[in-house]
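The values are calculated or read from the model by the stated rules, or taken from the named source; none is laboratory data. Please read these numbers as outputs of a predicted model, since none were measured by experiment. Here the Cβ is made from the backbone with ideal geometry for all residues, glycine too, and neighbour counts use every protein chain on show. Remember, those area values only see protein heavy atoms, side chains included, never the ligands or the DNA or RNA. Shrake-Rupley method; radii C 1.70, N 1.55, O 1.52, S 1.80 Å.
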Amino acid sequence: MTVEPAQSDLLYTEEEEALRSAVRSLLADRCDAATVLARTESEQPHDRELWKTLTDGMGLAGLLVPESRGGQGATHREAAVVLEELGRTVAPVPFLTSAVIATETLLACPDDDAAELLAALASGRTVGGLAVPFATAPGADRAPVRYSGGTLHGEVTGVADAAVADILLVPTADGLFAADTGRDGVTVTPQTSLDRTRPLAVVTFDGAPARRLAARADTPVRLGLRAGAGLLASEQLGIAEWCLAETVRYTKERHQFNRPVGSFQALKHRLAKSWLDVVNTRAAARYAADALATGSDEPNLAAALAQAYAAPVAVRAAEEALQLHGGIGMTWEHPVHLYLKRAKADSIGLGTAGQHKEALAELVALPAP
């Protein structure tokens with residue numbers, strides 16, 4: 001008798017919807033567009049108080065960490081729901097970099113030091129980061145930092161959320177190491193970033209003391225970046241959903257020639273296309289989150305597929321929102337530019353859509369010509 005494989009249910013569960021409701025309610029109170037815009041124009045773009053509330057109050061930093069290791073024992077599906085809501089508000093918090101990428105990297109390290117760090121990240125009181133450029137795709141071979149004489153030496157550019165990280169996980173040819181950003185030998189220099197809600201920085205290691213977490217860095221880093229890429233699609237989904245909903249609302253209210261501009265056929269077609277893009281992106285993002293959570297099908301394939309599809313959709317949705325808002329969309333006061341910048345930055349974050357398409361072609365044995 002042939003046993004059919006279990007089918008994944010990509011619909012949201014009641015628990016996931018309850019989590020969404022709680023996160024959305026909190027963000028509505030603490031992370032409105034005016035607040036985010038004001039913060040991006042300040043010297044401290046990260047919202048540390050919001051991060052504290054999300055972690056201390058709701059325990060979101062430890063979603064991917066098993067309860068036995070100090071976390072919530074949830075899955076990538078719940079983390080994806082959180083990222084959708086954070087994407088809808090372009091919240092300036094290090095959830096993707098710390099609670100997903102750094103956490104998933106540590107979960108692949110067997111060392112006791114890694115377990116200690118994992119518990120610290122799960123509490124939210126310690127923020128972690130992976131010391132690779134944010135543009136690094138899963139599986140990319142890049143280790144610009146070297147380990148010599150018990151210390152780290154080298155420089156990494158374009159590290160996302162490095163300015164707020166307490167611990168950096170540093171891949172080298174000699175293994176994966178953890179470095180405390182507060183100690184001598186580690187310098188974090190902010191870079192001019194397109195997306196100020198997820199700022200980048202140059203991290204310089206000049207004789208920085210470090211402790212080894214794994215003898216080889218390639219597997220933990222690849223798994224961390226894979227989880228990041230797969231769940232980044234959920235953030236991009238949240239961006240696209242906000243852009244579509246806000247544009248539909250505006251075109252219903254804005255009148256020209258004595259009728260709502262949303263009633264014009266040309267605009268209807270553009271909005272319908274955006275709606276189809278968002279629906280398809282939701283399917284791809286949910287598939288990636290479920291594959292990462294359950295190991296069903298192929299997580300590598302699911303993550304590559306989600307990123308290849310979601311990245312350009314988020315950019316198009318933000319571009320359409322800006323254009324269809326007309327003159328008001330071009331102003332600095334309207335938040336649509338924050339979403340366009342986040343979508344553009346995400347489109348090259350953790351690998352471009354083209355890189356993921358190439359990876360996808362290899363995974364399905366259909367190489368590009």
Could you give the size of the charge dipole of the chain about its Cα centre, using +1 on the Cβ of each K and R and -1 on the Cβ of each D and E, expressed in debye and rounded to the nearest 20?
-> 1100
Let me know the Kirkwood hydrodynamic radius for segment 182-253, please, with Cα pairs as the basis and the value in Å to one decimal.
-> 16.3
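I need the semi-axes of the equivalent ellipsoid of segment 130-218: take the C-alpha gyration tensor, multiply each eigenvalue by 5, square-root it, list largest first in whole angstrom.
Numbers: eigenvalues 83, 47, 20 Å².
Over the Cα atoms of segment 130-218, the ellipsoid semi-axes are 20, 15, 10 Å.
For segment 219-363, give the magnitude of the charge dipole about the Cα centre (Cβ charges: +1 Lys/Arg, -1 Asp/Glu; no others), in debye to the nearest 20.
Numbers: 16 positive and 14 negative charges, 95 e Å.
My answer is approximately 460 debye.
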Over segment 130-218, what is the mean sequence separation of C-alpha contacts under 8 Å (at least six apart), divided by residue count, expressed as relative contact order in percent?
-> 33
Given charges at Cβ of Lys, Arg, Asp, Glu: the chain dipole, positive-most of Leu366, Gly224, Gly326 | Gly326
If you line up the long axis of helix 353-363 against the longest principal axis of the chain, both from Cα atoms, how many degrees apart are they, to the nearest 10?
-> 70
Per q in 0.09, 0.17 1/Å, what log10 I(q)/I(0) does a Debye calculation on the alpha-carbon atoms of segment 219-363 return?
-> -0.31, -0.87
With everything on Cα atoms, drop me the angle between helix 299-324 and the longest principal axis of the chain, reported from 0 to 90° to the nearest 10.
-> 40
Measuring from its Cα centre, segment 48-197 shows a charge dipole (+1 at each Lys and Arg Cβ, -1 at each Asp and Glu Cβ) which, in debye to the nearest 20, is 320
What nm value, rounded to one decimal, do you get for the distance between Thr192 and Glu298 when each label is placed 7 Å out toward the C-beta?
-> 4.2
Equivalent ellipsoid semi-axes - Cα gyration tensor, segment 31-186, angstrom | 25, 20, 14
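Can you tell me the relative contact order of segment 160-319? Whole percent, Cα pairs under 8 Å, sequence separation 6 or more.
20
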Pick out which of Ala162, Ala285, Ala108 has the largest mean-square fluctuation in a Gaussian network model of the chain, springs linking Cα atoms closer than 10 Å.
-> Ala108
Over the chain, the sum of -39500 (n - 2.57) across DSSP H runs of at least four, divided by residue number and rounded to 500 deg cm²/dmol, gives at 222 nm -16000 deg cm²/dmol
Eligible aspartates and glutamates near Lys252 by straight Cα distance, threshold 20 Å, same-chain separation 8 or greater = Glu241, Glu319, Glu320
Dipole of the chain (Lys/Arg Cβ +1, Asp/Glu Cβ -1, origin at the Cα centre): which of Val132, Trp51, Ala38 lies farthest to the positive side?
-> Ala38
How far is helix 336-348 tilted off the main Cα axis of the chain, in degrees rounded to 10, range 0 to 90?
-> 50
Once the in-chain neighbours fewer than 8 apart are removed, the lysines whose Cα is under 24 Å from Lys357 read Lys273, Lys341, Lys344
Would you mind computing, in nm to one decimal, how far apart the modelled labels at Gln265 and Arg48 are, each placed 7 Å from Cα along Cα→Cβ?
-> 5.8
Binned at 5 Å starting from 0, the alpha-carbon pair-distance distribution of segment 278-333 in whole percents comes out as 4, 20, 20, 15, 12, 9, 9, 6, 4, 1
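So what's the convex hull volume per residue for the Cα atoms of the chain, in Å³? Don't skip to the answer; put the middle values down first.
Details: hull volume 60.5 nm³, N = 369.
Taking only Cα atoms, the chain has a hull volume of 164 Å³ per residue.
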How much accessible area per residue does segment 130-218 have, in Å², with a 1.4 Å probe?
-> 43
How many nm is it between the label spots at Asp32 and Phe257, if each spot is 7 Å from the Cα in line with the beta carbon?
-> 3.6
Any idea which of Ile348, Ala233, His337 is furthest toward the positive side of the dipole for segment 219-363, if Lys and Arg beta-carbons carry +1 and Asp and Glu beta-carbons -1?
-> His337
